[in-house]
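S.K.: Shown below is the structure under consideration.
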Amino acid sequence: MTQEFMLETRGLTKEFRGFTAVDSVDLKVQKGHVHALIGPNGAGKTTVFNLLTKFLPPTRGEILYRGKAITGLKANQIAQQGLVRSFQISAVFANMTAMENVRVALQRPMGTSFHFWKSERSLDHLNDRAIELLEEVGLAEYADVLTVEMPYGRKRALEVATTLAMDPVMMLLDEPTQGMGAEDVDRIVELVRRVAKGRTVLMVEHNLSVVSRLCDRITVLARGSVLSEGNYQQVSQDPLVREAYMGTDVDEEASA
């Protein structure tokens, strides 16, 4: 049976004034999988994300989404096709409530996200869907709480809710557990596992414990190139990966 790839890159390359940040990366993300992009600092992970979502133009190479070339499309055109990076649309407003943030995100597909002069009642029809999304990420009790007053981990969950408001087919998550304590990490892991059902997820993540618990397949970058790829067991036993992490015991870090 032929595997169906939701996202694929062929020879993806990005150069900055002679420095090659991403070097001929071939990436294949299978439909329905949670796929991790990992690597030491400076490996090129964020640059790859910026290329995929057209925040940066590639120097060379091709990007395919659902079998069609999207290399020449703009960031908003890619998002409209269901390929959504969390921070693209999740810049939450600190002085708005969780409910208000989700309602603003829900307006984006309608093309009314900047109609702030309209009566608040004109958004009432979005309330039911906003509550559904808050419930999906475990934030129903925070509906009327100002974002600035929410704990850090719950703010990140709110970002996921605003991402879901775009009805993504594929989500790109950039270090969803960064800066979190163990309790918040566990909560976000369960949240990602829940929202990944019926979707495809590509995530950059430093926490190898999170990767080992969530991801079906892992691509390891080092110095802009693909160093290794496989499931967690395969990647964690690769001596090149261990060397790239400068002696880190990958298994110990995953169990930490």
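S.K.: Output the number of residues of the stretch 105-152 satisfying the condition of being outside any loop (DSSP other than H, G, I, E, B) and at pLDDT 75 or above.
M.R.: The qualifying residues number 23.
S.K.: Those residues that are under 11 Å from Arg85 (Cβ atoms), in contact (Cβ under 8 Å) with a residue 40 or more places away in the chain and outside any loop (DSSP other than H, G, I, E, B), I need them from the stretch 47-59; list them, please.
M.R.: Phe49, Leu52
S.K.: If you don't mind, another one. The conditions are (1) closer than 20 Å to Ser209 by Cα; (2) in the same structural domain as Val92 (by TED's automatic domain parsing), and Leu146 fails exactly one of them. Which is it?
M.R.: The one condition Leu146 does not meet is (1).
S.K.: Picking from Val185, Val192, Val211, Val220, which residue would you name as being assigned to a helix (DSSP H, G or I), modelled with pLDDT of 90 or more, touching a strand residue (DSSP E or B) at 6+ places or on another chain (Cβ under 6 Å) and of a type outside the set (Ser, Thr, Tyr)?
M.R.: The conditions single out Val211.
S.K.: Only one of Met6, Met99 is at pLDDT 90 or above, surrounded by 14 or more Cβ atoms within 10 Å (Cβ to Cβ) and not assigned by TED's automatic domain parsing to the domain that holds Arg242; which?
M.R.: Unique residue meeting the criteria: Met99.
S.K.: Next up: Would you mind finding the one in Val25, Val29 that is in contact with a Ser or Thr (Cβ under 9 Å, 6 or more places away or on another chain) and under 20 Å from Ser86 (Cα atoms)?
M.R.: Val29
S.K.: Do we have Glu136 as surrounded by fewer than 19 Cβ atoms within 10 Å (Cβ to Cβ) and in the same structural domain as Cys215 (by TED's automatic domain parsing) here?
M.R.: no
S.K.: From the list Val102, Val84, pick out the single residue that is farther than 25 Å from Phe19 by Cβ, of a type in the set (A, V, I, L, M, F, W, C), in a strand (DSSP E or B) and out of contact with any Gly (no Cβ under 8 Å at 6 or more places or on another chain).
M.R.: Val84
The values are calculated or read from the model by the stated rules, or taken from the named source; none is laboratory data. Quick caveat, the model's predicted, so the values are computed rather than measured. Note that we place each Cβ from the backbone using ideal geometry, even for glycine, and neighbour counts take in every protein chain shown.
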